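K.L.:
Okay, here's the structure, questions in a sec.
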Amino acid sequence: MINMEIPDPFQTFIANKYANAKGYIHDFFTGEWSYKCLTCKEDMSAPSRKIMTKIRLYHTRNECLNGY
Ligand SMILES: [Zn+2]
């Protein structure tokens, strides 16, 4: 049997890349990254993945974990 739905290499690359991106979502059209905090469900966005990580860490440390 021939599988006609061969995964596109680029799609596979993106899927693998995002598998360990901690839930970051990249908006291809705006070039922005977004992330929804799993704890408080707050949406965050950043112009790059690096900045997204900074925002996420700051949020987790200073906003989410407050009071715990
Ligand atoms: Zn949060």
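The values are calculated or read from the model by the stated rules, or taken from the named source; none is laboratory data. Bear in mind that the values here come from a model prediction, so they are computed numbers and not experimental data. In this analysis, Cβ positions are derived from the backbone assuming ideal geometry, glycine residues included, and neighbour counts consider all displayed protein chains. Side chains are part of the model used for accessible areas, which takes the heavy atoms of the whole protein and leaves out ligands, DNA and RNA. Shrake-Rupley method; radii C 1.70, N 1.55, O 1.52, S 1.80 Å.
K.L.:
Would it be correct to say that Glu32 is out of contact with any Leu (no Cβ under 8 Å at 6 or more places or on another chain) and near the ligand (Cβ under 9 Å from one of its atoms)? Give the steps one after another, and end with the answer.
P.N.:
Values: out of contact with any Leu (no Cβ under 8 Å at 6 or more places or on another chain): yes; near the ligand (Cβ under 9 Å from one of its atoms): no.
No; evaluated as a whole, the condition is false for this residue.
K.L.:
Just a yes or no: is a residue in the range 46-60 within 12 Å of the ligand (Cβ to nearest atom) and either open to solvent by 70 Å² or more (accessible area, probe 1.4 Å) or modelled with pLDDT under 70 (or both)? It would help to see each step written out before you state the result.
P.N.:
Filtering the range 46-60 for residues within 12 Å of the ligand (Cβ to nearest atom) gives 55-60.
Next, from what is left, pick out any that are either open to solvent by 70 Å² or more (accessible area, probe 1.4 Å) or modelled with pLDDT under 70 (or both): 57-58.
Looking through the range 46-60, at least one residue is within 12 Å of the ligand (Cβ to nearest atom) and either open to solvent by 70 Å² or more (accessible area, probe 1.4 Å) or modelled with pLDDT under 70 (or both).
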